[in-house]
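Below is one structure, written out as structure tokens; the observations come after it.
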């Protein structure tokens, strides 16, 4: 056990000696480096680190906050402006799109409407033509019928006139000369007529 | 034939004349009978109507003889019942002379005891219409025009054609 302690003490002493030597060397190296610019920056950094509490005081922080606010406002404004422009652009594009879409839709609907109107017009024209033809045929038939009726009426009137002509002439003769011709003047003709019908009269009287 | 025993005067044309003659003869008969009873041998001068006088004169009848009177009445009765009656109508009123001539013709040509009924139909105009028992003989100008209707129409059409030809 003692030996082991001995060894341990010797080892610690050796390690201690080595660490001392390394540390000495290291410090020497550091002292050599501080005489260079890098050492100055490091000094300044160290000084800044030491003086940071003096730089970032409340005023400076307030100023920074103000600057940050201003910057933030500027960014916000820029963003707003950009957003507004974008919005306007989008709006105008949307308007254009809506216009074009609506125009296309309206045009399409108008085309459909025009097509339907054309179809309806064609149908109406066709119907009118059919009606006109039918009316024309009816007119022809009616004309023929009326013509036939007129011809029939004409024939009937002429026939009636011819049938009644004897009455008319007789009436005219009676009115014209009936009172002028006395029975004595007629007697000769009456006796001649009686003579003509004598046989029939005798037969009729004998048949009673 | 007993119908030909007496002759009817031309003035006696209608049945009503026969009836009047019968009535008058009956009155005369009654009167003469009464007179003969009162004064059997006396001849009575008769005051009769014109028609009865004509009948007596035409037939040379001794009206004082009762048998003759009776025979005449019977004859008239028989005539009234069986004599042929003819209706004849004119366009104007017929005077006695015309009726007499017409009656004369009928009694000469148709029957000696023929009786007439004279009527008036103004529409006849010219001519006459005779109606016997079963027949009507229309001898008016109107009927004559009707019978020649076709001739009239053909003449009118012919004149129309001629008129058209003249116009052409």
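Between the helical axis of B:149-167 and the longest alpha-carbon principal axis of chain B there is an angle of about 30 degrees. With axes computed from alpha carbons, what is the tilt in degrees of helix B:66-82 against the longest principal axis of chain B, rounded to the nearest 10 within 0 to 90? Helix B:66-82 sits roughly 30 degrees off the main axis of chain B. Relative contact order for chain B: 24 percent, from Cα pairs under 8 Å spaced at least 6 residues apart, divided by residue count. Within the listed set A:112, A:148, A:198, the Gaussian network model of chain A (springs between alpha-carbon atoms below 10 Å) gives the highest mean-square fluctuation for A:198. When peptides B:149-156, B:66-73 are sorted by average Cβ neighbour count within 10 Å, with the highest value leading, the order is B:66-73, B:149-156. With the convex hull of its Cα atoms as the shape, chain A has an orientation-averaged projected area of 59.0 nm². The calculated FRET efficiency for the pair residue B:117 and residue A:157, based on their C-beta separation and a Förster distance of 35 Å, comes to about 0.30. For the segment A:157-164, counting C-beta atoms of other chains within 10 Å of every residue's C-beta and taking the mean gives 1.
Extension gain, residue B:108 to residue B:166, is 15.4 nm, computed as 0.36 nm per intervening residue step minus the present C-alpha separation.
Modelled label positions at residue A:147 and residue A:11, each set 7 Å beyond Cα in the direction of Cβ, lie 15.0 nm from each other.
Please compute, for peptide B:135-148, the average count of beta-carbon atoms on other protein chains lying within 10 Å of each residue's beta-carbon.
Working: counts 7, 0, 8, 2, 7, 3, 10, 7, 3, 4, 7, 5, 1, 1.
Whole-number average of other-chain Cβ neighbours for B:135-148 is 5.
With 0.36 nm allotted per residue and the present C-alpha distance subtracted, the residue A:98-residue A:137 stretch has 8.4 nm of extension available. Quick check: from the Cα gyration tensor, does the stretch B:3-82 come out rounded (a/c under 1.5), prolate or oblate? Judged from the Cα gyration tensor, the stretch B:3-82 comes out prolate (a/c at least 1.5, a/b above b/c). Potential lengthening of the chain between residue A:44 and residue A:177 amounts to 30.7 nm, from the contour at 0.36 nm per residue minus the alpha-carbon distance.
Remark: relative contact order (the stretch B:3-82) = 50 percent; criterion is Cα-Cα distance under 8 angstrom and separation of 6 or more residues.
Classify the stretch B:85-140: rounded, prolate or oblate, from the alpha-carbon gyration tensor (a ≥ b ≥ c, eigenvalue square roots; a/c under 1.5 rounded; otherwise prolate if a/b is larger than b/c)? Kindly include the intermediate steps, with their values, before the conclusion.
Working: a/c = 2.14, a/b = 1.30, b/c = 1.64.
It comes out oblate by the Cα gyration axes.
Note on residue A:200/residue B:68: beta-carbon distance plugged into 1/(1 + (r/R0)^6) with R0 of 35 Å gives a FRET efficiency of 0.40. Each of residue A:80 and residue A:61 was given a label point 7 Å from its Cα along the Cα-to-Cβ line. The distance between the two points is 2.9 nm. Computed from label points 7 Å out along Cα-Cβ, the spacing between residue B:36 and residue A:167 is 6.2 nm.
Under a Gaussian network description of chain A, with springs only between Cα atoms under 10 Å, the residue in A:45, A:90, A:24 that fluctuates furthest is A:24.
Computed from Cα positions, the angle between helix B:50-59 and the longest principal axis of chain B comes to roughly 80 degrees.
Comparing A:60, A:189, A:97 in a Gaussian network model of chain A where C-alpha atoms under 10 Å apart are linked, the largest mean-square fluctuation is found at A:189. Decide, for the protein assembly as shown, between rounded, prolate and oblate: order the square roots of the alpha carbon gyration tensor eigenvalues as a ≥ b ≥ c, take rounded if a/c falls under 1.5, and otherwise choose prolate if a/b is larger than b/c, else oblate. Cα axes put the protein assembly as shown in the prolate bin.
Taking only the Cα atoms of the stretch B:53-168, the radius of gyration and Dmax are 23.2, 87 Å.
Computed from the Cβ-Cβ distance with R0 of 41 Å, the FRET efficiency linking residue A:27 to residue A:71 stands at 0.30. Per residue of B:86-92, other chain Cβ atoms within 10 Å of the residue Cβ number 3 on average.
Values in this text are rule-based calculations from the coordinates and carry no lab data. Here the structure is a predicted model, which means the values were calculated and not measured. Please note: Cβ atoms are built from the backbone with ideal geometry, for glycine as well, and neighbour counts cover all protein chains shown.
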